[in-house]
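Scroll down for the structure; my scribbles are underneath it.
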């Protein structure tokens with residue numbers, strides 16, 4: 001099997017910027033990703049750990065070096081980019097400086113044993129996989145929230161004191177963003193532990209969230225019609241789709257179109273909507289990243305599949321502009337509007353399109 005591998009390289013002692021070396025790799029006896037690293041290292045030594053539990057990022061997804069090559073190719077194809085779990089903290093190629101991760105453990109120092117410290121090391125990939133760190137490097141980290149949940153479960157008597165400590169953290173649990181789409185074969189019970197801590201801290205939205213800013217209209221987008229006759233196929237359009245509620249139905253519609261559907265990593269980012277009423281900052285920052293990445297990749301519009309996401313991206317443009325320092329002019333289209341446009345119901349679609357903050361003007 002032939003693979004095309006881009007391997008991250010950076011030596012903090014000699015390199016000014018990181019770079020990637022290209023390896024056209026033909027597998028022989030290699031079975032795992034670690035085997036590949038070992039073979040490359042035999043020919044061109046680089047920094048990594050010869051350990052099956054070594055944490056890596058392949059094509060934007062966090063995983064272990066023990067992953068089998070056949071699974072890698074099945075998931076990512078034969079073009080692989082291998083990076084450390086924190087490009088920002090890389091020191092010797094794939095080996096990073098973990099001081100920030102280790103220092104966070106001091107938060108719970110009064111409640112942990114040597115065994116807890118060992119267990120914390122096993123949570124490292126959850127810490128570095130968090131997208132929140134791209135916005136807030138001083139975030140306490142998902143690993144601390146997971147450990148806190150475990151400590152409370154073991155000893156309920158410490159619950160109040162642990163929660164009081166977490167409450168005092170300036171960049172704490174309200175900044176959590178889901179890990180589900182960032183870690184390969186993610187264990188959903190991990191997310192449940194973090195949510196349990198958020199619940200105990202009363203951070204989750206206790207009432208319906210209103211993503212519309214003051215004095216903006218409520219738009220009735222109508223119902224999605226699954227049986228759609230394609231009269232207009234959107235040829236030559238670049239569409240960025242942010243999936244949330246109706247991914248299967250929306251993808252089914254998109255497959256019928258002759259459009260270019262952009263495959264962007266940012267479209268997998270979690271908007272942390274479940275804590276929006278307590279912390280709008282992280283949601284706005286991520287929404288800004290998604291919008292600008294779509295715009296910079298020549299998207300004609302950002303497609304969303306529910307009302308909340310529409311209001312968040314379209315009606316909160318001023319807040320997103322404050323985050324980015326750039327004008328937010330990318331049109332947002334609701335999937336129900338797209339369905340109408342595709343089926344030729346232009347008059348019905350235009351009734352809502354004209355109420356957008358930025359009218360797509362594609363009729």
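Pick out the one residue from 351, 327 that is part of a loop (DSSP other than H, G, I, E, B) and either under 20 Å from the mean Cα position of the chain (by Cα) or surrounded by fewer than 21 Cβ atoms within 10 Å (Cβ to Cβ) (or both). Spell out how you get there, then give the answer.
Working: 351 fails: part of a loop (DSSP other than H, G, I, E, B).
Step by step, each of 351, 327 is checked, and only 327 is part of a loop (DSSP other than H, G, I, E, B) and either under 20 Å from the mean Cα position of the chain (by Cα) or surrounded by fewer than 21 Cβ atoms within 10 Å (Cβ to Cβ) (or both).
Might you let me know whether the stretch 292-302 holds any residue that is touching a helix residue (DSSP H, G or I) at 6+ places or on another chain (Cβ under 8 Å), buried (at least 18 other Cβ atoms within 10 Å of the Cβ) and over 18 Å from residue 245 (Cα atoms)?
Yes.
Under 7 Å by Cβ, and 6 or more places apart or on different chains, what pairs join a residue from the stretch 204-220 that is in the same structural domain as residue 172 (by TED's automatic domain parsing) and in contact (Cβ under 8 Å) with a residue 24 or more places away in the chain with one that is surrounded by 13 or more Cβ atoms within 10 Å (Cβ to Cβ) and in a loop (DSSP other than H, G, I, E, B)?
none
Check the stretch 253-261 and report whether any residue there is assigned to a loop (DSSP other than H, G, I, E, B), touching a strand residue (DSSP E or B) at 6+ places or on another chain (Cβ under 7 Å) and more than 30 Å from residue 134 (Cβ to Cβ).
Pass one, the stretch 253-261, residues assigned to a loop (DSSP other than H, G, I, E, B): 256-259.
Remaining after also requiring touching a strand residue (DSSP E or B) at 6+ places or on another chain (Cβ under 7 Å): 259.
Within this subset, residues satisfying the condition of being more than 30 Å from residue 134 (Cβ to Cβ) are none.
There is no residue in the stretch 253-261 that is assigned to a loop (DSSP other than H, G, I, E, B), touching a strand residue (DSSP E or B) at 6+ places or on another chain (Cβ under 7 Å) and more than 30 Å from residue 134 (Cβ to Cβ).
Which pairs do you get when a residue that is at pLDDT 90 or above, found in the stretch 335-355, comes within reach of a residue that is in a helix (DSSP H, G or I) and surrounded by fewer than 17 Cβ atoms within 10 Å (Cβ to Cβ), reach meaning Cβ atoms under 8 angstrom, with the pair 6+ apart or on two chains?
Filtered contacts from the stretch 335-355: 335/249; 340/346; 340/348.
The values are calculated or read from the model by the stated rules, or taken from the named source; none is laboratory data. A quick note: this is a predicted structure, and the numbers were derived from the prediction, not measured. Glycine also receives a Cβ, built like all others from the backbone with ideal geometry; neighbour counts cover every protein chain displayed.
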